[in-house]
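What follows is a short report on a single structure.
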Amino acid sequence: MARNHVSATVNGDQVEFLCETGQTLLEALRDELRLTGTKEGCGTGDCGACSVIVDGRLVCSCLMLAVEAEGKSIETVEGMATGETLHPLQRKFIEHAALQCGICTPGILIAARSLLERNPDPTESEVRYWLAGNLCRCTGYHKIIDAVLDAAREMRGD
Amino acid sequence: MRYEAPKTLEGAIALLSAANGQARLLAGGTDLLIQVRSGRAEPGLLVDIKAIPELRSIVAETGGYRIGAAVTCMELIENEAFARDWPGIVDGVKLIGSIQVKGRATMGGNLCNASPAADSVPALIAAGAVVCIAGPLGRREAPVKDFVLGPGRTSLGNGELVASIQLPRRAPHSGDAYLRFTPRTEMDIAVVGAAVNLTLDDKGVCRHARVSLGAVAARALLVPEAAAALVGTKVDEAALQRLAAAASAACRPIDDKRGTKEFRIKVAGVMARRAAVIAVERARRQS
Amino acid sequence: MARIALSSALAPYTDGVLELELEVANVRQLFQALGERYPELRQHLEAGIAVAIDNEIYQDALLQPIARDSEVILISKIAGG
Amino acid sequence: MSTMLKYEKKELKIVGTRPLRPDGVDKVTGRARFGADYNLPGQLIGKVLRSPHAHARIVSIDTSAALALPGVKAVVTRDDFAEMPDEMAAVGELMINFRDVTRNMMAREKVLYDGHPLAAVAATSESVARAALALIKVEYEVLPHVIDVVEAMKPGAPLLNENQYTQGVKPKPDRPSNVAKRLEYGRGDVAAGFKEADVIVEREFNTKPVHQGYIEPQACLASYSADGQAELWTSTQGHFVFRAQCAKVLQMDVSKIRVTPTEIGGGFGGKNNIYNEALAIALSRKSNRPVKMVMTREEVFRGTGPTPGANVKVKIGCTRDGKITAAEAELNFQAGAFPGSPVNQASMCAFTRYDLANVRVVGNDVTVNRPKVAAYRAPGAPIAVFGVESVIDEMAKKLGFDPIEFRLKNAAREGTQTYYGPKLGPIGYVQTLEAARAHPHYSAPLGPNQGRGIATGFWFNIGNETTCSLNLQEDGSLTLVLGTIDVAGGSRASMAMMVAEELGIEFERVRPIVGDTSTLGFNFLTAGSRSTFASGMACVIAARQVIEKLRQRVAKIREVPLEAVAWKDGHARPADAKVAQFAPMSLAEIARMAGKTGGTIAGHAEINAQGAGPGFGTHIVDVEVDRQTGSVKILRYTVVQDVGKAIHPAYVEGQMQGGAAQGIGWALNEEYVYGDDGVLQNPGFLDYRVPVASDLPRIDTVIVEVPNPNHPYGVRGCGEVPIIAPMAAIANAIENAVGLRLCEQPFSPPRVLKALDDAAAAKG
C-alpha cells in the first residue's frame, strides 16, 4: 500500500511520518509519533477524547486524515505543560478532583483551553455547552466545570 | 485509496471526472471519514477541496453572501456580518455537531451529504439560498430546495461539485430562525427541524415568509401552506396556530430509532411555531 | 446446636426445609453437613452462598467458627459492579 | 479465618482531608498509560469477526482465504478452545460457568446475539486484519430469535439453549426453557398482609438494557513465549480474576500468566470479565508474536455486557395511617445470551430500605438473544428500586403523606429483620432521609410544569480477598503495593492516606502503586464498593505490622524493653519515662539503620475482609417538563448518602455525582434499540445518548457518616449506592410536575409526549 509522506508541527516540534490515506490524524499521533496522550473513545467524533488543536481550531483527530496534517500546526495534551510547570487548567483539574479515570481528561483539557483562549470569562452554561462534545462518564461534569471556571479566574488574574 | 488536494476548481473537476464515480469529495470529512472507516464507502480517490481558495472564502456581494463550499461551520459562525443578516442559518450551522465537529464540518458538506435531518438545510431553503455548481460543462445554479433529491442523493452530475452557496440580499425588517428538537441539548441528530424566514412591513405585518421543515420527510421540505398562515398577519396567536397546524399537516415522516411518526408530526408544528416567534423578534429588531 | 436458617431462595433444593439445627463448629462443617443432607444444594453451596452468623455476613469464610448457640442464616453471595 | 478490625473513634490528621491524587499529574499530562497505550516490538493487531445475526446455527466457518492473505499471521475460531463442562467453576472466589464463558468469548454451535464473536485474526496491520475478516466465510442457518424478556418466558419461545431447564422450581421441569433460574425470597404472610391493608397500589414497569458507557473501549496486549509463559496488559477491574479466567479457558497454569493492569478508562462493572484477553493470548501463541486487541466503540456496544432490561411488577399494601402491611414484587430480568443476570441482588435490594413483616419477591433469570449482561454499578438494584420507589411514592401521595415522612414511618433501622436473612446492623438510612428533609433543596419553590421527586437506595457493599505489601525504604519513605485496581475513584490516594494516618507521617511519603499479578497473592475485583473498605482494612493491618516491627527494632537499638517503646507522630518515643528514657527515633532514622540492624522492614496483609457495612442514600431532584415536546430537563439534583467514613471527601463526592449522572442518563435517554431482526440499531455514542455537560445541572452532595463498626475508620463504601435512586426519583418528579406516572424507561421525549397526549385524551 502506497504511503503518504507528511511533515507537520506537533507541540512546536517539526515531525515527519508516513501514513496510509485511510489513517486518521489520531492514529498517526498515537501509532506513528507515539504520542498516546490523545485518546480514542469512539472513532466517530461523538466523545471528544481525541480532541486536538489544529492551526488554532479545536477538532476531533479521529475525524481528520493524517495526510491532511501536511504543513499544519498541531497541539496535543503533551504540549500543555511548560517544562515542569503545569498549565493552570491541568493544575485545577487535580486540585478540584475534576478527573477520575482520566481517559477523557486530555480531550477535555484541550477543549477547555481552546475555550479560554477565545473567551477568558465564560459563564457556567457557556463552559457546559462548549464541552458538550467531550463525554465524561465518571464525574457527572460538576467538578470539571468548577475546575475550568476556577482556572479561567486564575488566568484572568482576578 | 489515493489522496489529492488540487489547488484549483478546474483541477478538482478534472480529477472527479476522470475517476468516473470512484472518487469522493473531501471537505470537512466529518461524515465521509466515518463512512470510509466503517466500510460503508470505499472510494478509490479522495479529492480534498480545502486547498482551493475560492471554496474557502466568505464573500459579501450585491448585498448578499457567497459562502465557499469548504468554509467550516466555525468560520461561518464567527463571521459577525453574516450572523447579523442570517441568524437563522447560523442557528442551523451551530447545531451541526460539537465544537470539534464544527471546526471541520462545512455547510456545503452538510448539504451534499443530503441527510433529511441536515441542520443547515431547512434554514437555507427558507432563506431561498442558491447552490452554485461547477462541472466539466461549466457552471450552473440551483435552488437549495431542489438540490437534494432524497437521502444521500443530490442533483450533482458526474464530475460536478458544489462551489458555493449564495444568500440573497436582505430586505429591511427581515428575520429568520431555525429550531430543532433533539433528546439531548447537544450532540444529537435532529428528530425534527423547522426554519422560518420572514419580512415585515413598517406596520409589523408579515409581507413575505418561507417555512421549511427537516427530518419529517425523505428530504427537507418547503411548506408554502405554513408560510401562507403568516403572510398578511402580525404573526399573532391565531396565525401561529395556523402555522403549526400547516407544518404538522405537511409532514411525511417515518418511525425510526430517533423518533416516531406521531411525535415528529406533532413536534414539527411546535418547532415551527417557536421558530416563527424568534424570527419575528429578529425581524422587528432589524431596521 | 446451632440454629440454621436457609434463605427461601434455597427452598427448592432442600425439599422446602428452611430451618434446622446442626452440630457444627464452623462454616466448612456446616456446608459439609448440608451437602450430605441435601445433595441438590451442594452445587449452590459451592456456587456462591454466604452465611450470616448472628447477623454478621461472611463470604468465603469456611473456617469462621460457629458457636453452639449461634443463629446461622444462609444467603446468596453478593458481588457487584 | 475472617479479618475484622473494629471501628476506633480517634482524632484524625489525614483521613478526611483532600490531598492531591498520586495519579493526577500523569492523567493531566497524557503520561498515564491506558489499555491501548501499550505496545511491544513486532506486535500484531488482532481483530474479531462478529455475528450479524441475532440467532443462527453455525454450519461452517472457512478461514482459508483469510489465512492466505499476506500479513495474516494467525486465525482462531471455536476449534482453538477446549470444550468446558457445564458446571460452576471457581476463579479465585468468583464462580463462573466456563461452558458459557468459552461460548461467549467465541461462538461454538450457535451465534446467540448480534455481535457474538466467531473468529479472530492477527495481522501485521489494522487494515490487513480488517481485510482478513472480510475473507472469512461463515455459513449460517438463521433461527428465530427472541429479545423481549416476557416473550422469552412464554412456552414455545425460540430457545437459546435446548439443554437449559429452569432451576429452582419443583418438580424439575420436563421441558427446556429460557428461564434459567427462578428464585423466591420472602417472610411473613403476604396474603394476610394485603388483607390488613386499607390501600393497595400495584404497578408494572419495563426497562431497557443500558450500557456502562466507560469511555475507554476494552484494550489488551498479550505476549506468549515458546516456554509457555504469557504476559498480558489489559484494562481490567480485577487482574487476578482475568488471569484465572484466561488460565482456565487456555488450560494454562495460573502462575504462567502474568497480568499487568493498565490505567483503566472506566469500568463500572463492565470490565469484570474477559472478552478479548484469552483470544489475544491464543493468537499470540499461534503466531509467536505479541498481539494487541482494541475494541471499537461499536464492538463495545454490540459485544460487551450492558445491564439487563427487565419487566418488574410491584404491589404494596398499606394502612390509612401509613404503615406498610405487605409488599410483593416479581422481577423478570434479561440475562442476555447466557444465564447470570443480577436478578438475585435486585431481589435482595428491592424492599430492604423498609421494615416489613410480610414480603415476597420472585425473580426470574431469563436468556434472550442479546449480549450477555455484565455488572453495572449496584447490579440490578436501580431496576427493582425504580418500581418499588415509584409505588412507594404513589402510596404516600394517595395517603396524603409527605414522601420523606412516609419513608421514615416505614424505614429500616438497626435491628430491622431483612427478608433475605440477617438483621441489619448500624445503618444510616434514617439519617439520610432526615438530612434530605433538612436540605434547602427540599423546601425550595417550584415553577409551573416543574416537580420535585425523591427516592432512596440501598446496597450491601462487600469485602472479599485482598492483599497488599508496605515496604519501608531506606530513606523512610514507603512503597504501598496494592492488589485491588484503582478503577478511577482514587483508591490509591485513600489507601496511602490510611497508611500515613496510621504511621503518623505525611501523605506524600507513601507511594501507592497497583502491583501486577506476580507481586501479590489473589485479589478480588474492584467491585461491590469493596475497595476502600477491604483494601483499606489490609493497608491498616500492614501499617500496624510495620509499626510493630519498628518498635521491636528500636527496642533492640536503644536496648530497652519493647513495652517501653511507643509509636507516635512518626516517631518511636518512650512509652513511659518511668520505665525507660531514650532519645526518640524518627521513621527516617530507623529506616537508615534498618539494613544494618536486622534488615529492611515491611508489612503485609493477606485477608478476606468480612463485615462490610450497608450503604443507603436519599436523592432529591427537580425537573421541568416541556408539555409540547415531552422533553424533561433536570433543574436541580442533590445526593445524600451514608458512606460510613469519607476517607477522601472529594473523591466520595465524585462517586456520588458520577453515579447520579449515570442514573439520570438511564432515566432520560439511554436505551438499547433493536430492530425486528434482532440487530442493535444504536451501537455508538451518537444514538446511545449518555448525558453531556449541557444536559446536567450541578449535583449537590451531602455526606452522612454513620461508622461501619467493622472497619478501623468506619468505612462502608460509596461507589454503587448513588446510581440506584435517580430513575425512581426522576419518575416521581415527573409525576409531581405533570401528574403522569411513567412506568416505561427511558422517559424519553416521544414516550413522555405520548403519555401526556393519552392522559389529555382520557380526560376528554
| task | Go through the range A:111-134 and give me each residue that's touching a Gly at 6+ places or on another chain (Cβ under 9 Å) and of a type outside the set (Asp, Glu). | result | A:ALA111, A:SER114, A:LEU131, A:ALA132, A:GLY133, A:ASN134
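Taking the conditions exactly as written (within 16 Å of B:VAL267 (Cβ to Cβ) and modelled with pLDDT of 95 or more), does B:ALA220 satisfy them or not?
Numbers: within 16 Å of B:VAL267 (Cβ to Cβ): yes; modelled with pLDDT of 95 or more: yes.
Considered against the rule, which asks whether it is within 16 Å of B:VAL267 (Cβ to Cβ) and modelled with pLDDT of 95 or more, B:ALA220 comes out as yes.
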| Residue that is surrounded by the fewest Cβ atoms within 10 Å (Cβ to Cβ), among those in the range D:178-221 that are small (Gly, Ala, Ser) and in a strand (DSSP E or B) | D:GLY186
| remark: Those helices (runs of 4 or more DSSP H) completely within the range D:300-410 that have 1 or more residues that are among the charged types (D, E, K, R) and more than 14 Å from chain C (Cβ to nearest Cβ) are D:381-399, D:403-410
| said: Could you check the range D:516-543 and list, in sequence order, the residues that are touching a Cys at 6+ places or on another chain (Cβ under 9 Å) and of a type outside the set (S, T, N, Q)? | reply: D:LEU520, D:ALA538, D:CYS539, D:ILE541, D:ALA542
| query | strands (runs of 3 or more DSSP E) wholly in the range A:1-118 with at least 1 residues that are buried (at least 22 other Cβ atoms within 10 Å of the Cβ) - which ones? | reply | A:4-10, A:51-54, A:57-60, A:73-75
| field | Complete set of residues in the range C:22-50 that are touching a Pro at 6+ places or on another chain (Cβ under 9 Å) and either of a type outside the set (D, E, K, R) or surrounded by 21 or more Cβ atoms within 10 Å (Cβ to Cβ) (or both) | value | C:ALA25, C:ASN26, C:VAL27
| said: Residue pairs, Cβ under 6 Å, 6 or more apart or interchain, first in the range D:144-163 and among the acidic types (Asp, Glu), second part of a loop (DSSP other than H, G, I, E, B). List them. | reply: D:GLU151/D:ALA157; D:GLU162/D:PRO176
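Looking at the range A:63-83 only, could you name the residues that are over 12 Å from the mean Cα position of the chain (by Cα) and either of a type in the set (A, V, I, L, M, F, W, C) or at the interface with chain D (Cβ under 10 Å from one of its Cβ atoms) (or both)? Talk me through it step by step, then tell me what you get.
Residues of the range A:63-83 over 12 Å from the mean Cα position of the chain (by Cα): A:63-73, A:81-83.
The answer is A:LEU63, A:MET64, A:LEU65, A:ALA66, A:VAL67, A:ALA69, A:ALA81.
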| Residue within the range D:601-611 that is farther than 30 Å from D:PRO426 by Cα and assigned to a helix (DSSP H, G or I) present | no
| said: buried (at least 24 other Cβ atoms within 10 Å of the Cβ) and either more than 14 Å from chain C (Cβ to nearest Cβ) or not in a strand (DSSP E or B) (or both): which single residue out of D:GLY528, D:GLY476 fits that description? | reply: D:GLY528
| query | Looking at the range B:8-46, which of its residues are touching a Phe, Trp or Tyr at 6+ places or on another chain (Cβ under 9 Å) and either under 23 Å from B:GLY103 (Cα atoms) or away from chain A (no Cβ under 12 Å) (or both)? | reply | B:LEU26, B:LEU46
| task | Check every one of the strands (runs of 3 or more DSSP E) wholly within chain C and list those with 1 or more residues that are among the hydroxyl-bearing types (Ser, Thr, Tyr). | result | C:56-58, C:71-76
| field | From B:VAL101, B:VAL93, residue being among the hydrophobic types (A, V, I, L, M, F, W, C), assigned to a helix (DSSP H, G or I), more than 14 Å from chain A (Cβ to nearest Cβ) and closer than 29 Å to A:GLY56 by Cα | value | B:VAL93
| said: Could you tell me how many of the residues in the range D:663-698 are of a type in the set (A, V, I, L, M, F, W, C) and assigned to a helix (DSSP H, G or I)? | reply: 5
| Which members of the range A:95-115 meet the condition of being within 7 Å of chain D (Cβ to nearest Cβ) and touching a strand residue (DSSP E or B) at 6+ places or on another chain (Cβ under 9 Å)? | A:CYS101, A:GLY102, A:ILE103, A:PRO106, A:LEU109
| Filter the range D:436-466 for residues that are in a loop (DSSP other than H, G, I, E, B) and modelled with pLDDT under 95; which is surrounded by the most Cβ atoms within 10 Å (Cβ to Cβ)? | D:GLY463
| note | Considering the range B:154-186, residues that are assigned to a loop (DSSP other than H, G, I, E, B) and acidic (Asp, Glu), and then whichever is farthest from B:GLY64 (Cα to Cα), we arrive at B:GLU186
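Which fully enclosed strands (runs of 3 or more DSSP E) of the range D:3-93 have 1 or more residues being within 29 Å of the chain's Cα centre (by Cα) and in contact (Cβ under 8 Å) with a residue 12 or more places away in the chain? Don't jump to the end; show me each part of the working.
Values: elements: D:44-50, D:56-62, D:72-77, D:88-91.
Of the strands (runs of 3 or more DSSP E) lying wholly inside the range D:3-93, those with at least 1 residues that are within 29 Å of the chain's Cα centre (by Cα) and in contact (Cβ under 8 Å) with a residue 12 or more places away in the chain span D:44-50, D:88-91.
Could you pull out the residue among D:VAL199, D:VAL149, D:VAL142, D:VAL169 that is more than 34 Å from the chain's Cα centre (by Cα) and either closer than 23 Å to D:ALA107 by Cα or within 12 Å of another protein chain (Cβ to nearest Cβ) (or both)? Before the answer, list the steps.
On the way: D:VAL199 fails: either closer than 23 Å to D:ALA107 by Cα or within 12 Å of another protein chain (Cβ to nearest Cβ) (or both); D:VAL149 fails: more than 34 Å from the chain's Cα centre (by Cα); D:VAL169 fails: more than 34 Å from the chain's Cα centre (by Cα).
The match here is D:VAL142.
Residues that are aliphatic (A, V, I, L, M), more than 15 Å from the chain's Cα centre (by Cα) and assigned to a loop (DSSP other than H, G, I, E, B): does the range B:115-132 have at least one? Give the steps one after another, and end with the answer.
The initial filter retains those residues of the range B:115-132 that are aliphatic (A, V, I, L, M), namely B:117-118, B:121, B:123-127, B:129-131.
Going one step further and asking which of them are more than 15 Å from the chain's Cα centre (by Cα), we end up with none.
Among the residues of the range B:115-132, not one is aliphatic (A, V, I, L, M), more than 15 Å from the chain's Cα centre (by Cα) and assigned to a loop (DSSP other than H, G, I, E, B), which makes the answer no.
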| field | Residues being away from chain A (no Cβ under 14 Å) and of a type in the set (Asp, Glu) - total across the range D:675-719 | value | 3
| All positions within the range D:125-158 that are farther than 30 Å from D:LEU67 by Cβ and not in a helix (DSSP H, G or I) | D:PRO144, D:HIS145, D:VAL146, D:ILE147, D:ASP148, D:LYS154, D:PRO155, D:GLY156, D:ALA157, D:PRO158
| query | So D:LEU520 fits all but one of (1) of a type in the set (A, V, I, L, M, F, W, C); (2) surrounded by fewer than 17 Cβ atoms within 10 Å (Cβ to Cβ); (3) assigned to a loop (DSSP other than H, G, I, E, B); what number is the exception? | reply | (2)
| If you take the residues in the range B:94-115 that are without any contact (Cβ under 8 Å) to a residue 60 or more places away in the chain, crowded, with 24+ Cβ neighbours inside 10 Å and not aliphatic (A, V, I, L, M), which one is farthest from B:ILE165 (Cα to Cα)? | B:GLN100
| said: When you check D:SER469 against the structure, is it under 30 Å from D:ALA594 (Cβ atoms), modelled with pLDDT of 95 or more and assigned to a strand (DSSP E or B), yes or no? | reply: yes
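Kindly indicate which of D:GLY617, D:GLY613 is in contact (Cβ under 8 Å) with a residue 24 or more places away in the chain, within 14 Å of another protein chain (Cβ to nearest Cβ) and buried (at least 16 other Cβ atoms within 10 Å of the Cβ).
Of D:GLY617, D:GLY613, the one residue that is in contact (Cβ under 8 Å) with a residue 24 or more places away in the chain, within 14 Å of another protein chain (Cβ to nearest Cβ) and buried (at least 16 other Cβ atoms within 10 Å of the Cβ) is D:GLY613.
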| note | Counted residues in the range D:238-270 being under 24 Å from D:LYS27 (Cβ atoms), more than 14 Å from chain C (Cβ to nearest Cβ) and part of a loop (DSSP other than H, G, I, E, B) come to 2
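The values are calculated or read from the model by the stated rules, or taken from the named source; none is laboratory data. No experiment lies behind these values; they were computed from the predicted model shown. So basically every Cβ, Gly included, is an ideal-geometry build from the backbone, and we count neighbours across all protein chains shown.
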